[in-house]
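Taken together, the values in this text are just the output of simple stated rules run on the coordinates, not laboratory data. From a predicted model like this one, the values you see are computed outputs, not experimental measurements. Cβ placement follows ideal geometry from the backbone for every residue including glycine, while neighbour counts extend to all protein chains displayed.
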Amino acid sequence: MDWIFAYGSLVWRPAFDYVAARKAILRGWRRRFWQASPDHRGVPGAPGRVVTLVREPQAQCWGLAYALPVAGRDTLLAALDRREQNGYVRHAIEVEFEDGMRARALTYIAPPDNPSFVGPAALADMAVQIARAVGPSGTNLEYVLALADSLSGLGVHDDEVHALREALRAHEAGPPTLAPRS
């Protein structure tokens with residue numbers, strides 16, 4: 001059976017038919033908002049930030065693995081190749097399910113040598129960029145919030161995703177106001 005490992009928007013919006021979805025972990029990789037999105041969650045000149053995977057030996061990344069139907073597999077993968085454009089490359093990996101079973105899967109990673117890889121930034125700076133970014137697929141804010149909510153629904157806490165969600169909520173609320181002194 002062929003599997004696709006989802007760790008970003010495919011977690012909450014796969015937009016393809018699948019036979020089964022299972023919570024899975026990818027070891028040795030960490031999810032990071034280090035990829036610019038001038039095509040989906042932003043525009044050229046004002047890109048959003050989306051996730052990619054970064055190698056880190058002791059890290060782990062939880063997501064969903066989707067079992068692909070046999071019929072239409074090539075068409076489905078071609079559609080995913082179009083969706084996961086702008087620097088993402090299809091990789092074969094091994095995921096582990098909660099019951100300890102392992103499976104080969106495909107996933108999309110935007111490596112550091114692609115032109116839209118932006119690398120790390122301060123959390124507050126990422127929050128400002130994400131709060132402002134809007135592209136053909138919607139707001140970058142929606143992307144972060146939907147990913148955070150979906151991961152929470154799976155019982156997964158991702159430090160960067162959830163810290164960004166809180167930073168974005170604080171950004172939306174604006175600076176604290178002082179109560180008048182009496």
| Of Val89, Leu154, Gln35, farthest towards positive along the dipole that unit charges on Lys, Arg, Asp, Glu beta carbons give the chain | Gln35
| When ranked by the protection proxy of mean other Cβ atoms within 10 Å per residue, highest first, what sequence do the peptides 79-85, 127-133 form? | 127-133, 79-85
| request: Would you mind computing, in nm to one decimal, how far apart the modelled labels at Arg27 and Ala15 are, each placed 7 Å from Cα along Cα→Cβ? | output: 3.4 nm
| said: Nearest 10 degrees is fine. How inclined is helix 123-132 to the longest principal axis of the chain, computing both from alpha carbons? | reply: 90 degrees
| message | I'd like to know how the chain sits against the 2.2 N^0.38 Å rule of thumb: what's its Cα Rg over that expected value? | response | 1.09
| Lys, Arg +1 and Asp, Glu -1 on Cβ, resulting dipole of the chain about Cα centre, debye, nearest 20 | 180 debye
| query | Taking Cα atoms, how many degrees apart are the long axis of helix 73-83 and the longest axis of the chain, rounded to 10 and kept between 0 and 90? | reply | 20 degrees
| Fully extended, how many nm does the chain gain between Ser152 and Arg102 (0.36 nm per residue separation, minus their Cα-Cα distance)? | 15.7 nm
| note | Honestly segment 20-82 on the Cα gyration tensor test (a ≥ b ≥ c root eigenvalues; a/c under 1.5 rounded, otherwise a/b vs b/c for prolate or oblate) is just oblate
| remark: Residues meeting the amide H criterion for Trp29 (H placed from the backbone, H to H distance under 5 Å, 5 or more places apart or on another chain) are Glu56, Ala59, Gln60, Cys61
| request: Using only Cα atoms, find the angle between the long axis of helix 159-173 and the longest principal axis of the chain, and express it within 0 to 90 degrees, rounded to the nearest 10. | output: 40 degrees
| said: Ignoring everything except DSSP H segments at least 4 long, calculate the 222 nm mean residue ellipticity for the chain; use -39,500 (n - 2.57) per segment, divide by total residues, nearest 500. | reply: -9000 deg cm²/dmol
| note | Percent relative contact order for segment 3-173, counting Cα pairs under 8 Å at least six residues apart, stands at 28 percent
| task | Return the percentage of antiparallel bridges among DSSP beta bridges fully within the chain, rounded to the nearest 5 %. | result | 95 percent
